[in-house]
2 protein chains.
Amino acid sequence: MTADAASGPELPVNDRTRLRRMREKSRTRRSDLDAVLAAGFLCHLGVVVDGTPMVVPTVYGATADTLYVHGSVASRSLVQAPDATVCVTVTHLDGLVLARSVFEHGVNYRCAMVYATPRVVTGREDKLEGLRVLTEQCMPGQWDYARGPSRKELAATTLLAIDLAEASVKVRTGPPDDGDGPDADLDVWAGVLPVTTVWGQPVADPALRTGIALPPHVDMAAGTEVFPARSGRTP
Amino acid sequence: MTADAASGPELPVNDRTRLRRMREKSRTRRSDLDAVLAAGFLCHLGVVVDGTPMVVPTVYGATADTLYVHGSVASRSLVQAPDATVCVTVTHLDGLVLARSVFEHGVNYRCAMVYATPRVVTGREDKLEGLRVLTEQCMPGQWDYARGPSRKELAATTLLAIDLAEASVKVRTGPPDDGDGPDADLDVWAGVLPVTTVWGQPVADPALRTGIALPPHVDMAAGTEVFPARSGRTP
């Protein structure tokens, strides 16, 4: 945890965001939420469709107060989302916790759950700005590099703005918890098997015209961590 | 895609599992579902609590017909889950698709969504078997190696069995889709930045007694892929 993550404003707590289980993993600072969101670009969007939960993976971008998700205007999950509360969950897997007992096994992770009633972004400038945030979160530098959305493409895209005011954050780090109990006497190895997610080497489209160089911002990403633990926000 | 994934029984389709968007990414074989589930151990469980969706990351294990998730008996998401449909989504991120236009950007991934009304597993033997499947899915070899659950620990654990009969599978692989359109003339690099998730080197619990060797099944995992593309099922 960075010094940054231990200070700053508190996240508001209500019955939905209060952690009832495993309180030791709860992080209550607004900067903790920022850190989890800044580290990734893939979320799971939960909506209720005809009374049934539907959990859809999608990319996101986040500013100081808003998380953006997008999709086709024909998408079932996005059509359903406005006018009803959604849950957006961002999870980064950091390792497997191998304890002495099966019961104490677990996972090291960073997770944020955001609850809000999404707003459909309609204005052209607002929509472009939301898509810029989303694109830059996936690959910084790409918005200015690639061709921007045409009027038709913009019309075919639904963009939802999700307020970040209501959220909970859970983080687990470190070794298993049974090192100071009776199980510590067992002849069983205990520790953590870390998980690292990395960008590989870029694979050019076979249809790529000759003579087009890999842009520096993509080249720089290769070999680096995809979901690094860090504080602050991207773009 | 393996030969295996292209044959075998079809997944049943209904209004919930029919893919309405991006049909080219749909996989309709039962073996496709098995392959996605076998490749991972982390899912996002979607439940409806007081009319609101709640998306919780948790580990799972899967057999031929059942997916198991577990948690504390005090867990809000698990208490809510029985007697109502849940959605379990398993997503493996394989790469970022960098197209010539922002509009065609996307993600290479493997995703399974399972819908079912969970059953609470109560019998001692059934519960142990479900926990064995779950533990072995996270780390093969660990169930027989670590101390098994005591009577008290078993009572403190809620185990849900989720039928695999109703599911949809989506997979995207390969380069961006705008290589044969007008955008192919642009001076923009296009291709895929692959994402690889690997097990790192084991980190022993600082409280580990001296003289306890790393077991071979954990040692073997280090450096290998966490979510490899493969067919078939684990345990």
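FYI, it's all coordinate maths here, none of it is from the lab. A quick note: this is a predicted structure, and the numbers were derived from the prediction, not measured. All Cβ positions, even for glycine, are placed from backbone atoms using ideal geometry, and neighbour counts span all protein chains on display.
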Report summary line: Quick note on B:212, B:162, ordering by fewest other C-beta atoms within 10 Å, gives B:212, B:162
**Report entry** Cα-Cα over 30 Å, subset of A:170/B:127; A:152/B:25; A:25/A:127; A:127/B:170
**Finding:** A:25/A:127
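Determine the gain in length on full extension of the stretch residue A:224-residue A:212; use 0.36 nm per residue of separation and subtract their C-alpha separation, reporting nm with one decimal.
In short, 2.0 nm is gained.
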Query raised in the report: Residues with beta-carbon under 12 Å from that of residue A:111, excluding residue A:111: net charge, scoring Lys, Arg +1 and Asp, Glu -1?
Result: +3
Report summary line: Most exposed to least, judged by fewest other Cβ atoms within 10 Å, B:220, A:54, B:139 sort to B:220, B:139, A:54
Requested in this report: With no solvent and one equal point scatterer placed on each C-alpha of the protein assembly as shown, evaluate the Debye formula and give log10 I(q)/I(0) for q = 0.06 Å⁻¹, two decimals.
Outcome: -0.26
Query raised in the report: When each copy gets a label point 7 Å from Cα toward the beta-carbon at residue A:220, what are the spacings between them in nm, shortest first?
Result: 4.2
Requested in this report: Choose one of B:196, A:191, A:33: the residue whose Cα lies farthest towards the positive end of the charge dipole of the protein assembly as shown (beta-carbon charges +1 Lys, Arg; -1 Asp, Glu; about the Cα centre).
Outcome: A:33
Query - Proximal charge balance of residue B:132 [Cβ under 12 Å; K/R count +1, D/E count -1] - result: -4
Query - Inter-copy separations for residue B:25, label at 7 Å along Cα-Cβ, nm, ascending - result: 2.8
Report task. Neighbouring Cβ atoms within 10 Å as the yardstick, rank B:119, A:151, B:132 fewest first. Result -> A:151, B:119, B:132
Requested in this report: Report ³J(HN,Hα) in whole Hz for each residue of the range B:208-213, in order, from the Karplus equation J = 6.51 cos²θ - 1.76 cosθ + 1.60 where θ = phi - 60°; Gly and Pro get x.
Outcome: 5, 4, 5, x, 9, 7
Requested in this report: Would you work out if the range B:87-235 is rounded, prolate or oblate? Take a ≥ b ≥ c from the square roots of the eigenvalues of the alpha-carbon gyration tensor; rounded if a/c is under 1.5, else prolate when a/b is larger than b/c, oblate otherwise.
Outcome: oblate
